[in-house]
Amino acid sequence: MAVKKASRKTASAKKSSATGQTNQPLKLTGRGRTLSSKTVFKGKVFWVTQDEVAEPGGVRATREVIRHNGSVVILAVDTRSNPADPGILLIRQWRHAANQFLLELPAGRIEPGEKLIPSGRRELLEETGYRARKWSKHTKYFASPGFLSEAMHILLAEDLTAGQAAPEDDEKIEIHMTPLSEILRLIHAGKIHDGKTLIGVLYYASHRKTPA
């Protein structure tokens with residue numbers, strides 16, 4: 001049996017040598033190119049393209065992509081009432097695509113030509129009525145890069161002031177200022193299913209400076 005295994009390995013090595021293949025780890029460089037693109041669907045919020053592409057590693061393929069301008073996510077934090085366990089502003093609303101109510105960070109689409117922080121200010125005010133005096137960029141991620149171009153930009157909003165919300169006609173939104181410790185408990189109990197909220201809150205919890 002040992003002789004047969006050795007023979008197979010030798011034959012495999014000869015085959016790899018003959019075809020120019022090696023056992024070195026694959027290392028990809030360069031950028032992909034779009035050879036052609038056509039819009040196959042256009043809606044109010046997103047559009048879909050069918051692209052012929054050339055990608056690093058010699059890949060030629062047809063990719064169907066949902067195109068989106070990108071979104072802002074607002075991690076609004078109240079550290080004044082309890083610096084050791086700050087409040088995080090969550091909203092609760094019915095999500096048709098998920099077929100359930102979800103607890104989420106406020107978020108919305110970036111309008112064409114709109115900057116990140118002005119977009120965040122607009123969405124926070126519309127959905128919750130809150131304003132924030134201090135804004136900073138928290139992190140960025142892609143929601144589902146296999147077929148969706150949407151980039152999610154999470155902004156940290158601090159020094160909050162409550163006000164009157166002005167949601168769109170098709171939005172019914174509950175507002176919940178929730179202690180960070182409670183949100184973490186819900187996350188670890190599997191009670192929060194919204195991706196942007198999981199990423200935003202856990203990133204904040206792991207990077208924030210705990211008061212002395």
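The values are calculated or read from the model by the stated rules, or taken from the named source; none is laboratory data. Note that the structure is predicted; figures quoted are calculated from it, not measured. As a convention, Cβ positions derive from the backbone with ideal geometry for all residues, glycine included, and neighbour counts pool all protein chains shown. The accessibility values were calculated without ligands, DNA or RNA, using every heavy atom of the protein model including side chains. Shrake-Rupley method; radii C 1.70, N 1.55, O 1.52, S 1.80 Å.
Structural remarks
- With respect to the chain, whose longest principal axis is taken over its alpha-carbon atoms, helix 116-128 is tilted by about 50°.
- Counted over the stretch 57-212, the DSSP beta bridges are approximately 80% antiparallel.
- Each Lys and Arg Cβ is given +1 and each Asp and Glu Cβ -1; about its Cα centre, the chain then shows a dipole of about 1740 debye.
- Per residue solvent-accessible surface (Å²) - the chain, probe of 1.4 Å: 66
- Nearest 10 degrees, 0 to 90: helix 2-19 Cα axis against the chain principal axis: 80
- Helix 195-207 vs. the chain, principal-axis angle (Cα, 0 to 90°, nearest 10): 80
- Taken about its Cα centre, the stretch 140-212 carries a charge dipole of about 540 debye when Lys and Arg each add +1 at the Cβ and Asp and Glu each add -1 at the Cβ.
- Rounded FRET efficiency, nearest 0.05, which uses the C-beta distance separating Ile175 from Glu55 and R0 of 45 Å: 0.55
- Amide H contacts of Tyr130: Gly163, each under 5 Å away and 5 or more positions distant or on a separate chain (H built 1.01 Å from N in the peptide plane; Pro and chain starts excluded).
- Sum of -39500 (n - 2.57) over DSSP H runs of 4+, divided by residues of the chain (222 nm, nearest 500): -8000 deg cm²/dmol
- Sequentially through the stretch 64-71, phi angles give Karplus couplings (6.51, -1.76, 1.60; θ = phi - 60°) of 9, 10, 7, 9, 8, 5, x, 9 Hz, Gly and Pro residues having no value and appearing as x.
- For the chain, relative contact order (Cα pairs under 8 Å, six or more residues apart, normalised by length) works out to 19 percent.
- Across the stretch 54-70, the residues whose backbone nitrogen lies under 19 Å from the label position 7 Å along the beta-carbon direction of Arg122 are 68-70.
- Positive-end residue, the chain charge dipole about Cα centroid, Cβ charges, pick of His68, Leu116, Gly30: Gly30
- Applying 0.36 nm per residue to the separation of Leu202 and Thr34 and subtracting their alpha-carbon distance, the gain on full extension is 56.9 nm.
- The stretch 74-212: C-alpha gyration tensor shape, a/c 1.5 cut-off, then a/b vs b/c: rounded
- Here the peptides 120-131, 187-198, 147-158 are ranked by packing, the mean other Cβ count within 10 Å, and the order with the highest first is 120-131, 147-158, 187-198.
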